[in-house]
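The values are calculated or read from the model by the stated rules, or taken from the named source; none is laboratory data. These numbers come from a predicted model, not from an experiment. FYI the Cβ positions are ideal-geometry reconstructions off the backbone, even for glycines, and counts take in every protein chain you see.
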Amino acid sequence: MKFKPGDRVRFLNDNIDGTVSRILANERVEVNDNHGFLHVVPASDLVHIDFSFDKEDLNVPDLNKTQGIQNETSAQNSLAHAHQELPILATMENDETIYAAIRLHNEKALLTSDIDMILVNNTIYTIAYSISRQIGNLRQGVGASLLAARNEKFIGVFSQDELHRFNGFEFQFLFYSENEFKPRPPAIKQLIVTPSDFLNPDYHMKLQGRAGEVLLMPLISFSDEPVPDISGLIERYRAVQSEEEKRSREASAKHGKKREKFVLLSREKVVDLHIEELVKDSNGMSNGQIIAMQINHFTKELDTAIIHKLHKITFIHGVGEGILKNAIREELKKYPGLRWQEAPQEKFGYGATEIELF
């Protein structure tokens, strides 16, 4: 078969279409495929897709016969194109399922007929997909693209011999929508197509306006997911909420106003340095001993507050002659980064120091 630059061709042994870019020596042809890659192959491995006849290409100068062949070929191509483009979704209900649709070229030859594969996205999601041939632990790409919701796409033509050379197809899916949607994890599905599948009536579907059948093989289905019982969830929530409110009322009635005693935050502490709070009996202790015990207790509580990262600690030291207060202020100078001031008088009177820890 003769080719010339610009001819549309298809590879006989692979699912590749392209355009002839150059005619080479030794009956070889350079083809630029639909993805932009160049292939150099024997001319015998190619077949025309769109036939166009020039006078110099005709071996028999019978113009009427040539015109008849051209019309017949054009009609066959138009029929094949219409066969591929016949919408499957037009005859389906919205069942939230992604299908691989298989059509036979010759329905009377199940074992030898080539097949068309169409990916049918009958869901609310736009899907990003890739399709590969499974060859043991390896994969060979068939195609990858985006497919909008409620849409379908022709994947390719496969011969029965080709289907026997690999271990089925692997589909990978990602799910997306511009509207609010339930997130879905990526999905991987395997599919093996055999002639016996065409004998299973469960997969078959009649298309409107066409006598033939299509084999619908589900890959991903969201229609089988259980619908949550909203009314049951609401009733259960109300029951739990009612029980919690009941326990809260009972606790409030039991403790009365005792809760008002606990007014300090968990990161605050109040320490009373009056000697009667530190020892049971201070009789016999000198003033120096009392001050020493109070300062020791002060430094111990302050160090503990710093270790436990309290926000604030207040020491009640009383007014008296101011000896303990001044001793505390001298000790605080040894702690850089602390800030202290008189504690609020309305709460502690005039004899307390409030220390903020950072």
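Between Leu104, Leu138, the distinction of being at pLDDT 85 or above and closer than 30 Å to Pro185 by Cα belongs to Leu138 only. With a requirement of 3 or more residues that are among the hydrophobic types (A, V, I, L, M, F, W, C) and loosely packed, with under 15 Cβ neighbours inside 10 Å, the strands (runs of 3 or more DSSP E) lying completely within the stretch 117-197 that satisfy it span 138-147.
Any residue at all in the stretch 91-107 that is without any contact (Cβ under 8 Å) to a residue 60 or more places away in the chain and of a type in the set (Lys, Arg)? No - not one qualifying residue is present in the stretch 91-107.
Within the stretch 296-315, can one find any residue that is in a loop (DSSP other than H, G, I, E, B) and aliphatic (A, V, I, L, M)?
Checked against the condition, which is being in a loop (DSSP other than H, G, I, E, B) and aliphatic (A, V, I, L, M), the stretch 296-315 yields at least one hit.
Only one of the numbered conditions (1) surrounded by fewer than 17 Cβ atoms within 10 Å (Cβ to Cβ); (2) touching a strand residue (DSSP E or B) at 6+ places or on another chain (Cβ under 7 Å); (3) farther than 15 Å from Glu213 by Cβ; (4) assigned by TED's automatic domain parsing to the domain that holds Phe198 is not met by Leu89, and that is (4).
A search for C-beta distances below 6 Å between a residue of the stretch 36-51 that is assigned to a helix (DSSP H, G or I) and any residue that is of a type in the set (Val, Ile, Thr) and modelled with pLDDT of 80 or more, counting only pairs 6+ apart in sequence or on different chains, returns Ala43/Val29.
With the condition kept exactly as written, say whether any residue in the stretch 44-64 is over 45 Å from the mean Cα position of the chain (by Cα) and at pLDDT 75 or above. Yes; the residues of the stretch 44-64 include at least one that is over 45 Å from the mean Cα position of the chain (by Cα) and at pLDDT 75 or above. Could you look through the stretch 74-101, keep only residues that are among the hydroxyl-bearing types (Ser, Thr, Tyr) and modelled with pLDDT of 55 or more, and pick out the one that is nearest to the chain's Cα centre (by Cα)? If we take residues in the stretch 74-101 being among the hydroxyl-bearing types (Ser, Thr, Tyr) and modelled with pLDDT of 55 or more, then Thr97 is nearest to the chain's Cα centre (by Cα).
Out of the stretch 316-331, which residues are in a helix (DSSP H, G or I), of a type outside the set (Lys, Arg) and crowded, with 17+ Cβ neighbours inside 10 Å? If the condition is that a residue be in a helix (DSSP H, G or I), of a type outside the set (Lys, Arg) and crowded, with 17+ Cβ neighbours inside 10 Å, then Leu324, Ile328 are the ones that fit.
Listed by first and then second residue, the pairs with beta-carbon distance under 7 Å, at least 6 apart or on different chains, first residue in the stretch 159-186 and farther than 20 Å from Glu96 by Cα and modelled with pLDDT of 90 or more, second of a type in the set (Asp, Glu) and surrounded by 16 or more Cβ atoms within 10 Å (Cβ to Cβ), are Ser159/Asp114.
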